[in-house]
Amino acid sequence: MARITDQCIERVRDAVDFVDLVSARTELRRAGPTSLEGLCPFHDERTPSFSVQPVDKLYYCFGCQASGDLFTYVQDSEGVDFREAVELLASRYGVELEFDGEDPREADRRARRARLLGLLARASTHYERQLWEGSEAADSRLYLTERGLGEEILHRFRVGYAPRAWDTIVRVARTAGFTDRELLEVGLARNEPDHNRVSDRFVGRIMFPLADARGRVLGFGARATRTDQRPKYLNSPDGELYHKGRHLYGTELARSHTGRAGQVVVCEGYTDVLALHQAGVPWTVGLMGTAMTEVQLGELSRLSRTVLLCLDADSAGEDAIVRAAQIASHRGIELRVVPLPAGSDPAALAQTGGSEAIHHALGASVPLVRFLVLRILAAGEHGSGEGRDRTLARLRPLFGTLAPSATREELAQTVAARLNLSPGLLAQLLEQHPNTAPDGGRRTGAVVALNREEETERAFLALCIALPSQATPLLAELDLSEHFTSQAMRQAARHLRERGLEAPLADAATLAGDEPLARTLAGLMVQAERAAATHARLEAQHQQLRLAATERQLRAARADGAGSIAELAHRRAAAKRAFDAAYARAVEEDG
Ligand code: ZN
């Protein structure tokens, strides 16, 4: 893909009014001489922790640690990639884009992708026409009609029919000048060595095209039309364009509705998605026949922070759901479960109860964690101490995803009553392993609190940026692997040490290829702007970093006998004295 020139990207950066852009989603007010703040558009909160630095057009959220510049802001709030963010801002602020001369390999790749997309689009159109014009598709039309799906919605989703002949698409594609290799690459055909031929992959099936966010067809989900057909659902195979578990069905149609709805609904089946769109819930997407993956959860979070699961939760494995709940809480996503009548699915509910029944069900959604807690309680055997311990062991990771809140309290009371435990004892039992979270982060409901060490490291680097000349020697003497536990902070420290503290984002060439680092640095710059930076505070933060490192070494020595405990204890005591003294000076200076 031809690259947008760097000059152009800078022109867009200059042209955008960042405060205006952010204000469209959240109200900003002045928070300091050079910064503004408001409620975070990326997580749910009551008090503002989203900080904006309007000059460099950067942001940092003290609550969920979202950070970056105007481009990542658009990427995350509009659910687009970097290039699309630049294009979107360029058109909104009237900047004309120019492209660098492409290298020939890149041009080849782009041309090949364009051909593959063209082939898929052609196939999709052909399938769609077959559904409406082919006599052999009559049963499929009847099936869809019986599911309550009207023509309008079927057209909107470009639903089609793959005829029973073995070579429909193969012939269409060859006539249009596509090669067999291209047919195989996009998964529309397969090799049949026994017959020495390339034949259609999809035969006698109802075709649901899967498109990307821009509406380009990437692959298909195909439903059998006869009971003896296996498998019942057949998807495109993984290839250059389609990857199992990465896409959400219907994103291209749902994305413009999720913002206003403040939620995204997730269903399992294709016809469920269609049914909900038809019932007036066009902010619905589908999982493409897989259990929800982390990538899909990431895609969902781009659409909305509130995700309503309209699926048969009983069918999914509990571990997978707990894992999803943990990832969700880590990403600041709220997962809720939509209760469906037993044995029903969204399409059936829409058909029998219409739009009203669907809206009613969505309105009755409950937080995923509460849903799971109640299910675990219902399934457990609580006659014996062991039975109750087993239930507690299953509940513990779930409670780990909940912030101290009225919801958590209410759930704890329910559990205590059911297990016949005092609330105090239950609280202790649930806290027993506070660090079972997979990444070691302490979970606090909607957002992940930084652990104390990362907080210290972050505060120190922010002060370094605020006081570059005083901080340069301090930063230089630190041992990056010893003094930084967080990989993000360690990378940032290395970059700042090598490139200097004066203009952390100046090295555009390096940062263009390392978005996480660029985001971290942007966040640190906003934090630096907000920090009441004094030399004494910098010193104290520096000593705290050293103290934390000696404490880690001492802990490690006690755990596995590495190093001399006596000597490390001595060093720790010295570090503690240095920190106490520096801290006292900082407090004194603050008055
Ligand atoms: Zn936030």
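Summary of values
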| read-out | value |
| --- | --- |
| Qualifying residue in the stretch 3-12 (condition: closer than 26 Å to His247 by Cβ, of a type in the set (Asp, Glu) and away from the ligand (no atom under 12 Å from the Cβ)) | no |
| Restricting the stretch 50-64 to residues that are at pLDDT 85 or above and under 20 Å from Gly262 (Cβ atoms), the residue that is farthest from the ligand (Cβ to nearest atom) | Phe50 |
| Residues satisfying the stated conditions in the stretch 480-525, i.e. under 23 Å from the mean Cα position of the chain (by Cα) and polar (S, T, N, Q) | Ser486, Gln487, Gln491, Thr520 |
| First in the stretch 452-470 and over 19 Å from Ala522 (Cβ atoms), second anywhere and surrounded by fewer than 23 Cβ atoms within 10 Å (Cβ to Cβ) and of a type in the set (Ser, Thr, Tyr), Cβ under 8 Å, 6 or more apart | Glu453/Thr485; Glu453/Ser486 |
| Test result for Phe220, outside any loop (DSSP other than H, G, I, E, B), within 17 Å of Tyr270 (Cα to Cα) and in contact with a Gly (Cβ under 6 Å, 6 or more places away or on another chain) | no |
| Verdict on Glu409 being more than 27 Å from the chain's Cα centre (by Cα), in a loop (DSSP other than H, G, I, E, B) and over 13 Å from Ala325 (Cβ atoms) | no |
| Residues located in the stretch 335-376, provided they are closer than 19 Å to Gly400 by Cβ, aliphatic (A, V, I, L, M) and assigned to a helix (DSSP H, G or I) | Leu368, Val369, Leu372, Val373, Leu374, Ile376 |
| Qualifying residue in the stretch 287-297 (condition: small (Gly, Ala, Ser) and modelled with pLDDT of 80 or more) | no |
| Residue under evaluation Thr72, criteria (1) in contact with a helix residue (DSSP H, G or I) (Cβ under 9 Å, 6 or more places away or on another chain); (2) farther than 21 Å from Ala508 by Cα; (3) of a type in the set (Ser, Thr, Tyr), criterion not met | (2) |
| Of all residues making up the stretch 373-420, the number that are under 21 Å from Ile333 (Cα atoms) and basic (Lys, Arg) | 2 |
| One residue from Leu568, Leu511, Leu554, Leu521 being without any contact (Cβ under 8 Å) to a residue 60 or more places away in the chain, touching a Gly at 6+ places or on another chain (Cβ under 9 Å) and assigned to a helix (DSSP H, G or I) | Leu554 |
| Cβ-Cβ under 6 Å pairs, at least 6 apart or on other chains, the stretch 5-29 side touching a residue at least 40 places away in the same chain (Cβ under 8 Å), far side hydroxyl-bearing (Ser, Thr, Tyr) | Ala15/Tyr93; Val16/Tyr93 |
| Test: Asp81 is farther than 18 Å from Ala462 by Cβ and away from the ligand (no atom under 16 Å from the Cβ) | yes |
| Conditions (1) under 30 Å from Leu303 (Cβ atoms); (2) in contact with a helix residue (DSSP H, G or I) (Cβ under 6 Å, 6 or more places away or on another chain); number of the one not met by Arg156 | (2) |
| Residues of the stretch 377-406 classified as modelled with pLDDT of 80 or more and in a helix (DSSP H, G or I), total | 18 |
| Residue in the stretch 65-73 that is at pLDDT below 90 and either more than 16 Å from the ligand (Cβ to nearest atom) or under 25 Å from Leu297 (Cβ atoms) (or both) present | yes |
| Every pair of residues 6+ apart whose Cβ atoms lie under 6 Å, when the first sits in the stretch 64-79 and is touching a residue at least 12 places away in the same chain (Cβ under 8 Å) while the second is in a loop (DSSP other than H, G, I, E, B) and more than 12 Å from the ligand (Cβ to nearest atom) | Asp69/Lys57; Leu70/Val16; Leu70/Lys57 |
| Residues that are in contact (Cβ under 8 Å) with a residue 24 or more places away in the chain and in contact with a Lys or Arg (Cβ under 8 Å, 6 or more places away or on another chain), drawn from the stretch 212-235 | Ala213, Val217, Ala222, Arg223, Thr225, Gln229, Tyr233, Leu234, Asn235 |
| Tally of residues being more than 22 Å from the chain's Cα centre (by Cα), buried (at least 18 other Cβ atoms within 10 Å of the Cβ) and β-branched (Val, Ile, Thr) across the stretch 330-375 | 2 |
| Residue count for the stretch 18-32, restricted to those that are surrounded by fewer than 14 Cβ atoms within 10 Å (Cβ to Cβ) and either farther than 18 Å from Ala522 by Cβ or within 15 Å of the ligand (Cβ to nearest atom) (or both) | 5 |
| Flag if Arg110 is over 30 Å from Glu457 (Cα atoms) and assigned by TED's automatic domain parsing to the domain that holds Leu188 | yes |
| Filter pass, Ala165 being without any contact (Cβ under 8 Å) to a residue 40 or more places away in the chain, in a loop (DSSP other than H, G, I, E, B) and of a type outside the set (Lys, Arg) | yes |
| Among residues of the stretch 33-49, those that are more than 19 Å from the chain's Cα centre (by Cα) and either within 14 Å of the ligand (Cβ to nearest atom) or not assigned by TED's automatic domain parsing to the domain that holds Ala15 (or both), counted | 7 |
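The values are calculated or read from the model by the stated rules, or taken from the named source; none is laboratory data. On a predicted model such as this, the values are computed, not experimentally measured, just so you know. Glycine gets a Cβ as well: all are built from the backbone with ideal geometry, and neighbour counts include every protein chain shown.
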